[in-house]
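Any read-out appearing in this document is the output of simple, stated calculations on the displayed coordinates, not a laboratory observation. The structure presented is a predicted model; accordingly, all values stated were derived computationally and were not measured. When we count neighbours, we look across all protein chains shown, and the Cβ atoms used for this are built from the backbone with ideal geometry, even at glycine.
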Amino acid sequence: MTDRVESLEAAAREALGERARSIDVALGECTIVVAAADLPAAMRTLRDAPPLRFGMLVDACGVDYATWANRAWEGRRFAVVYHLLSLANNQRVRVRTFAEDDDFPVVPSLVDLWPAINWFEREAFDLFGIVFDGHPDLRRLLTDYGFVGHPFRKDFPLSGHVEMRYDPEQGRVVYQPVTIEPREIVPRVVREDKYADTE
Amino acid sequence: MAEIRNYTMNFGPQHPAAHGVLRLVLELDGEVIERADPHIGLLHRATEKLAESKTYIQSLPYMDRLDYVSMMCNEHAYCLAIERLLGIEVPIRAQYIRTMFDELTRLLNHLLWLGSHSLDVGGMTTFLYAFREREDLFDMYEAVSGARMHAAYYRPGGVYRDLPERMPQYQKSSLRSDREVAKLNENRQGSLLDFIEDFTRRFPGYVDDYETLLTDNRIWKQRTVGIGVVAPERAIALGFTGPMLRGSGVPWDLRRKQPYEVYERMEFDVPVGVHGDCYDRYLVRIEEMRQSNRIVGQCVDWLRANPGPVIVDNHKVAPPPRESMKSNMEELIHHFKLFTEGMHVPPGEVYAGIEHPKGEFGVYILSDGANKPYRLKLRAPDYVHLSALDEMSRGHMIADVVAIIGTQDIVFGSIDR
């Protein structure tokens, strides 16, 4: 298994050349980091180059790095992570790209390469506010009609901003500010290295 | 001349054939679908966000509630991802138990799919038969975990406890006489494994029954043959997995191609369709049920002969046994820390995909070394399938949309997450 990942790493390094900012292998999985501007060209290479041929897009999701390891994150805040699968070579690869602007994150859309990505991009837009340039139908997907904000961002509270209830006086459903306090029962703890070493 | 316009129709979210809370906006030219726009998210619970604020074990029961007709398979992908991050090896007996319950779950899922799909296109009988068998499968779930649906049985490092020695039996009540109880308990005299073995012997006959009702049924074929045809190249581009991909003729099964647990030791065949229509996908799933039954039988034989531990004895990950916790200070501390602070997972990222009954169910965990995942992404197979509904239903009649939704095997727990 490890040989196969390493041969994949070598093939990807050769095919992508300068466009890959880094290629790492960890836990038997290969991760490629690509700049947002190079993304369409790099992904096209991954899809079509004979030793790679990642014909299927398995997953794409947004990530908000704002509170990584309970510290302030240095570097770009929003990333999109793609998981590709090659049916021809029976291999998987992960591609990560960071959006350049934190206030208005934009990443090129890949709908032309894999139609399967359509809803994944809509979801990442809905939940993280990442804009996919070139997407034909970038509407909200999972949240309510008329929802404000991007709920999976780390600065969005778990309990949300508004709640819905039936108002008997007005005879309809109304939105109002949330009446519950966010509470965290188990604090988030990041231990020093080797604390929970499983060996 | 009168102006001719397309007609827009709302399908769902309370339509019985919408399989839950699908709202579908259909643009119709007469009765022909011009465009289908699924509106999802009515069951969105932000499971991924909730998991970010809970420890790894606390989020595990949420996995049952994703695809709520194949509960243990969801847990399985989640546990696999954590185990790969931690780098722990699961005891072999636990691997067999997981394989067996994955396949029982596949039966559970396919039976519900078969029942509701045939109900949608006009056959009531299969539904009743399928639910009769599901009852036995729920009893197996209940015997190992105490819960009929939301089991929370798989844990990082193995399974919660070993298979019971005695299958629970029905009790006499004001509603059931002695004779009825004795009849119900006929195949529950031995252990759980005896009950499962008895089921695997009975099950092929049941599948024959379903096939008698449907396979050559004229109405069934009229409703499914040539409906929702997807070419193999298109199926790959659209991200189809599982029976949807195999129905189009692509022999891709993660149990074979990227085996996990003990699937490489199992003998089974991977059925593949030819035409890529609803009928072929039906045939694929029916054959999958027979193959799952074979796998369950092989697991039962192995599990009978090979006792052993079912969860790792690394107490940073799995709780210590009850007895040692009561008598040993260190084990008590382990227990306390595990259930308050939870386990710490080393920094890194991992994607674990399994052959879920609906397709590839994937869990992507991004960990920064805390006791909670930094980001958890659940890749649901039916989410991807539903996104192709527009393309599959264009040019078909309204009634065919119901057949296509049925063939996609949609469950909103996992689509909306």
> Just counting partner chain Cβ atoms within 10 Å, what average do the residues of peptide B:81-90 show around their Cβ?
Replying inline: 1
> So, in nm, how far is label B:Asp216 from label B:Leu50 when the simple model puts each one 7 Å beyond its Cα toward the Cβ?
Replying inline: 4.9
>> Among A:Asp112, A:Asp102, A:Asp167, which one shows the highest mean-square fluctuation when chain A is modelled as a Gaussian network with alpha-carbon springs under 10 Å?
In response: A:Asp167
>> Within region B:159-176, list the residues whose amide N lies under 18 Å from a label point set 7 Å along Cα→Cβ of B:Arg265.
In response: B:159, B:162-163
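Report, as an integer, the average count of C-beta atoms from other chains found within 10 Å of each Cβ along A:177-189. Don't skip to the answer; put the middle values down first.
On the way: counts 0, 0, 0, 0, 0, 1, 1, 3, 5, 10, 4, 9, 8.
Mean number of neighbouring Cβ atoms from other chains: 3.
What relative contact order, as a whole-number percentage, does chain B give when Cα pairs under 8 Å and 6 or more residues apart are counted?
Details: 769 pairs, mean separation 106.6, N = 417.
Relative CO of chain B lands at 26 percent.
Estimate the FRET efficiency between A:Arg4 and B:Asn306 by the formula 1/(1 + (r/R0)^6), using the beta-carbon distance for r and 22 Å for R0, to the nearest 0.05.
Details: r = 31 Å, r/R0 = 1.40.
Efficiency, from the Cβ-Cβ distance: 0.10.
Which of the residue pairs B:Lys326/B:Lys372; B:Lys257/B:Lys358; B:Lys183/B:Lys358 have a Cα-Cα distance greater than 26 Å in the structure shown?
Violating the 26 Å limit, Cα to Cα: B:Lys326/B:Lys372; B:Lys183/B:Lys358.
Considering Cα pairs under 8 angstrom that are at least six residues apart, work out the relative contact order of region B:1-158 and quote it in whole percent.
Values: 189 pairs, mean separation 30.2, N = 158.
Rounded, it is 19 percent for region B:1-158.
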>> Between 0 and 90 degrees, rounded to the nearest ten: what's the tilt of helix B:92-120 against the longest Cα principal axis of chain B?
In response: 30
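Per-residue mean of other chain beta-carbon atoms within 10 angstrom of the beta-carbon, peptide A:51-61? Kindly include the intermediate steps, with their values, before the conclusion.
Numbers: counts 0, 0, 0, 0, 4, 12, 5, 10, 13, 3, 8.
So the per-residue partner count for this stretch is 5.
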> Between B:Arg394 and A:Leu27, what is the spin-label point distance in nm, taking each point 7 Å from the Cα along the Cα→C-beta axis?
Replying inline: 3.9
>> What FRET efficiency comes out for A:Leu87 versus B:Gln171 if R0 is 60 angstrom and r is the Cβ-Cβ distance? Round to the nearest 0.05.
In response: 0.70
> Taking the Cα-to-Cβ direction at B:Val181 and at A:Phe147 and moving 7 Å from each Cα, how far apart do the two end points lie in nm?
Replying inline: 5.1
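State the extension gain, in nm to one decimal, for the chain segment bounded by B:Ser324 and B:Arg202, taking 0.36 nm per residue of separation less the distance between their alpha-carbons.
Details: separation 122, 0.36 × 122 = 43.92 nm, distance 4.18 nm.
Additional length available on full extension: 39.7 nm.
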> Among B:Leu378, B:Leu238, B:Leu80, which one shows the biggest mean-square fluctuation in a GNM of chain B, springs joining Cα atoms closer than 10 Å?
Replying inline: B:Leu238
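Do the sum for chain A: with -39,500 (n - 2.57) for every DSSP H run of n ≥ 4, divided by all residues, what is the mean residue ellipticity at 222 nm, to the nearest 500 deg cm²/dmol? It would help to have the intermediate numbers written out before the result.
Details: 3 runs with 37 residues, N = 199.
Result for chain A: -6000 deg cm²/dmol, rounded to the nearest 500.
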> Taking amide hydrogens as modeled 1.01 Å from N in the peptide plane, which residues meet the under 5 Å criterion relative to A:Asp59, leaving out close sequence neighbours?
Replying inline: A:His83
> Tell me, what ³J(HN,Hα) does each residue in region A:83-95 have, in order and in whole Hz, if you take phi through Karplus 6.51 cos²θ - 1.76 cosθ + 1.60 with θ = phi - 60° and put x for Gly and Pro?
Replying inline: 10, 10, 10, 9, 6, 5, 9, 6, 9, 10, 8, 10, 10
>> Sorting check: for B:250-260, B:299-309, which peptide has the highest mean count of neighbouring beta carbons within 10 Å, and how do the rest follow?
In response: B:250-260, B:299-309
> Does anyone have the angle between helix A:2-16 and the longest principal axis of chain A? Alpha-carbon axes, 0 to 90°, nearest 10?
Replying inline: 90
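Only Cα pairs under 8 Å and at least 6 apart count here; give the relative contact order of chain A as a rounded whole percent. If you can, show how the numbers build up before the last one.
On the way: 322 pairs, mean separation 28.1, N = 199.
So the answer I get is 14 percent.
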